Amino acid sequence: MVIHCTSDAGGRPPRAAAHRPEKKAAAREGEGGDRSGGGGSVAGSAQLSAAGAMGGEAEAGERQLGRVLSFGIPDTALGLVMGYVEDPWDRDAISLVCRHWCRVDELSRKHVTVAMAYSTTPERLFRRFPCLESLKLKAKPRAAMFNLISDDWGGSASPWIRQLSATFHFLKKLHLRRMIVSDDDISVLVRAKAHMLVSLKLDRCSGFSTPSLALVARSCKKLETLFLEESAIAEKENDEWIRELATNNSVLETLNFFLTDLRASPEHLTLLVRNCQRLKTLKISECFMPDLTGLFRIAQTLQEFAGGSFEEPDQQVVNRNYENYYFPPSLHRLSLLYMGTNDLQILFPYSAALKKLDLQFAFLNTEDHCQIVQRCPNLETLEARDVIGDRGLQVVAQTCKKLQRLRVERGDDDHGGLEDEQGRISQVGVMAVAQGCPELTYWAIHVSDITNAALEAVGTFSRNLNDFRLVLLDREAHITELPLDNGVRALLRGCTKLRRFAFYVRAGVLTDVGLGYVGEFSKGIRYMLLGNVGESDNGILQLSRGCPSLQKLELRGCLFSEHALAVAALQLKSLRYLWVQGYRSSPTGAGLMAMVRPFWNIEFIVPDQDGPCPDFRKQILAYYSLAGRRTDCPPSVIPLYPAF
């Protein structure tokens, strides 16, 4: 349900529990809720209780099976073999064989991801995996990243950090995502784990300040990774924490505070690079690029850099000369802030060596994108705004034959006049990339227009895709072709490796028939986001008759009824997590009660507004949980089940 290990890829439920939600929840100790990716695990104690419920004959049979399957394999050898099994779903299957193998899995599992913090408890997790060395923990729903969830929703890391500090004696790596982490939490963690912590990631977190970062820098001398990207951090001591890190740590390999409000002086950054000889990734906030020339000349091991800043395009340029600018030869991944047309020359000498280029925060027009992309034949990752246009994507298709990841975000419509008539993406650009970049595995794109033929081209040529996300913008009053049912069918039939699929469009683009195709041809998809799709309840019901592997479903603006959503949740046998914004609600929410089952939490999320709430703003969140009802619900979260 929620625990998944080793990777963030989604997976299948155990066959034995595939059609019994209550047994499925009990069979996965420490799980429940969102399994957006990665494999589950099985609890020894819950497995014992399930066997006991089947009677003595089943228990005896299980013991006999365990003896047969383990015969001739010493525990040491079995543990070594399991050490080479990294796929979380394979580990999941192994732990289901017998209690003995489940126990070996418990003792040999090194990494676990808990995709919904309220789906289990840290005590339960420790009982299941006492030897964990690495833990990734998520709390707030993804919707929080788009300000669709109120700030007081919850997601405190305190109970987890206190238990982790007290009992997880082998923990060396901790990744917290979308959680509230206080200064006290960091203090507790440092006191317990400073001597062994090698990786700390506070990913889109909030609640802490720079003195806590200074404490980490002074105390965690084995720290190799400090990740703070997009976190909301209170700055109280300027960048003193960077100086502490530079003077107390010589093994740091990754420092990331990209897209934060933290300030960083060139002097302290240069000191950090000089003292941390292993530094490979440096992602910082705004810092004037000409002031970093000394840093780059001594950063001979640096492979990735993000941040810095150039002058605004409308500011007066004074003595800006990049002829002697220097990047180390090892640098292959770049993301530069506020780069304008006159600054492009800084990249030209190094373009051929670049493997990743992020232009999302650059002030470039369509022609600028074409100029730089055509000099980057070895790109594997490209991120940009839709100002790149169809013409820019055609250049990408002609030049970047090694491209594996492409992300095109929506640009600001009125920002700097850059979104000109060329700065729009349609079926032309999509078809060009599909035909020209066959190695793509990840593709997220915002388009102004799209056709069935373009989606069919993706299904025909992009056979390696495992993650595809398309957003149809509302800039154009007229869409060339409606509906897109046949195009979606062709895409899903062709892209058989897809595990994550998002299709956020406009009313009329995907009908009930199209939702039926989604259900029929989404055999391996584990995460799905759909927006403004369907015509009636029949659409979601048709979808729910398929999608055998779907574990996490997010719906926006679809306006299905409560009863249809409840029936769909029951029919999707692998579903662990459901988030909906916009549905036809009843005064009491009684229709949602049809999805009630053991270990299944249902919550109503009140939008952050005054007065009556329209249907398109109402939210529900439902997920498997072995922790029971939340005990820290704010006024904006109303538990529907369990009610007490």
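The values are calculated or read from the model by the stated rules, or taken from the named source; none is laboratory data. Bear in mind that the values here come from a model prediction, so they are computed numbers and not experimental data. Ideal geometry is used to build each Cβ from the backbone, glycine not excepted, and the neighbour counts take in all protein chains shown. The area values use the complete protein model at the heavy-atom level, side chains included, leaving out ligands, DNA and RNA. Shrake-Rupley method; radii C 1.70, N 1.55, O 1.52, S 1.80 Å.
For the range 153-196, which chymotrypsin sites (Phe, Trp or Tyr not before Pro) pass both filters: DSSP loop (anything but H, G, I, E, B) and at most 13 other C-beta atoms within 10 Å?
Numbers: sites: TRP153, TRP160, PHE168, PHE170; in loops: TRP153, PHE168, PHE170.
Loop-located and lightly packed - PHE170.
For the range 541-644, the calculated P(r) over all alpha carbon pairs, in 10 Å bins from 0 to the bin holding the longest distance, is 15, 50, 30, 4, 0 percent.
In Å², what does the accessible area per residue of the range 211-364 work out to with a 1.4 Å probe?
42 Å²
log10 I(q)/I(0), Debye, Cα-only the range 435-548, no solvent, q = 0.17, 0.22 Å⁻¹? Evaluating at q = 0.17, 0.22 Å⁻¹ gives log10 I(q)/I(0) of -0.75, -1.29.
Shown here for the range 115-197: trypsin sites (Lys or Arg not before Pro) in loop regions (DSSP other than H, G, I, E, B) with at most 12 other Cβ atoms within 10 Å, of which there are none.
More than 14 Å apart: what percent of Cα pairs in the range 186-242 qualify?
Numbers: 830 of 1596 pairs.
Value for the range 186-242 (Cα pairs over 14 Å): 52 percent.
Order the peptides 109-121, 373-385 from the highest to the lowest mean number of other Cβ atoms within 10 Å of their residues. Each step should come with its number before you reach the end.
Values: 109-121: 24.6, 373-385: 20.2.
Order by mean packing, descending: 109-121, 373-385.
According to the square roots a ≥ b ≥ c of the eigenvalues of the Cα gyration tensor, what is the shape class of the range 175-307, taking rounded for a/c under 1.5, prolate for a/b larger than b/c otherwise, and oblate for the remainder? It comes out prolate by the Cα gyration axes.
Couplings 3J(HN,Hα) of the range 96-113, computed from phi: 8, 4, 6, 5, 5, 5, 4, 5, 4, 4, 4, 7, 9, 6, 9, 10, 9, 10 Hz, in residue order, whole Hz [Karplus 6.51 cos²θ - 1.76 cosθ + 1.60, θ = phi - 60°; x for Gly and Pro].
Rounded to the nearest percent, how much of the accessible area of the range 556-604 (1.4 Å probe, protein heavy atoms only) is carbon and sulfur? Intermediate values should be presented prior to the final figure.
On the way: 1020 of 1560 Å².
Carbon plus sulfur share of accessible area: 66 percent.
The solvent-accessible area of HIS169, taken with every protein chain present and a 1.4 Å probe, is close to 120 Å².
Antiparallel beta bridges, as assigned by DSSP with both residues in the range 175-329, represent about 0 percent of the total such bridges. Close amide H contacts of GLU409 (hydrogens built in the peptide plane, cut-off under 5 Å, sequence separation of 5 or more or a different chain): ALA384, ARG385, ASP386. Pairs of Cα atoms nearer than 8 Å and 6+ residues apart set the relative contact order; for the range 209-349 it is 19 percent. Taking only the Cα atoms of the range 238-396, the radius of gyration and Dmax are 15.7, 49 Å. Remark: relative contact order (the range 367-415) = 47 percent; criterion is Cα-Cα distance under 8 angstrom and separation of 6 or more residues.
Distance from the C-alpha centroid of the range 514-576 to that of the range 190-215: 39 Å, rounded to the whole angstrom.
Could you grab the relative contact order for the range 519-641? Cα pairs under 8 Å, six or more apart, rounded to a whole percent.
Details: 247 pairs, mean separation 27.1, N = 123.
After rounding, I find 22 percent.
Shape class of the range 359-504 from the Cα gyration tensor (axes a ≥ b ≥ c, square roots of the eigenvalues): oblate, since a/c reaches 1.5 or more and a/b does not exceed b/c. Under 5 Å from the amide H of GLU253 lie the amide H atoms of THR225, each residue being 5 or more positions distant or on a separate chain, with H modelled from the backbone and absent for Pro and chain starts.
Over the range 419-527, average the accessible area per residue using a 1.4 Å probe and give it in Å², no decimals.
Details: 3890 Å² over 109 residues.
Solvent-accessible surface per residue comes out at 36 Å².
Net charge dipole, the range 490-644: roughly 740 debye, given to the nearest 20, about the Cα centre with Cβ charges of +1 for Lys and Arg and -1 for Asp and Glu.
Looking at the range 542-644, which trypsin sites (Lys or Arg not before Pro) are in a loop (DSSP not H, G, I, E or B) and have at most 11 other Cβ atoms within 10 Å? Walk me through the numbers on the way to the answer.
Numbers: sites: ARG545, LYS552, ARG556, LYS573, ARG576, ARG584, ARG617, LYS618, ARG629, ARG630; in loops: ARG545, LYS573, ARG576, LYS618, ARG629, ARG630.
For trypsin sites (Lys or Arg not before Pro) across the range 542-644 that sit outside H, G, I, E and B with at most 11 neighbouring Cβ atoms in 10 Å, the list is empty.
Backbone phi angles across the range 620-631, fed through the Karplus curve with coefficients 6.51, -1.76 and 1.60 (θ = phi - 60°), yield HN-Hα couplings of 10, 10, 9, 7, 6, 8, 9, 8, x, 5, 4, 10 Hz in residue order; Gly and Pro are listed as x. Taking the protein heavy atoms of the range 149-195 in the context of the full set of protein chains, the accessible area attributed to carbon and sulfur is 53 percent at 1.4 Å. Couplings for the range 159-167, taken from phi via the Karplus curve 6.51 cos²θ - 1.76 cosθ + 1.60 with θ = phi - 60°, read x, 6, 5, 5, 6, 4, 5, 8, 10 Hz in order; Gly and Pro are left as x. One way to sum up the overall shape of the range 68-178 is the equivalent ellipsoid from its Cα gyration tensor, whose semi-axes run 32, 15, 11 Å, largest first.
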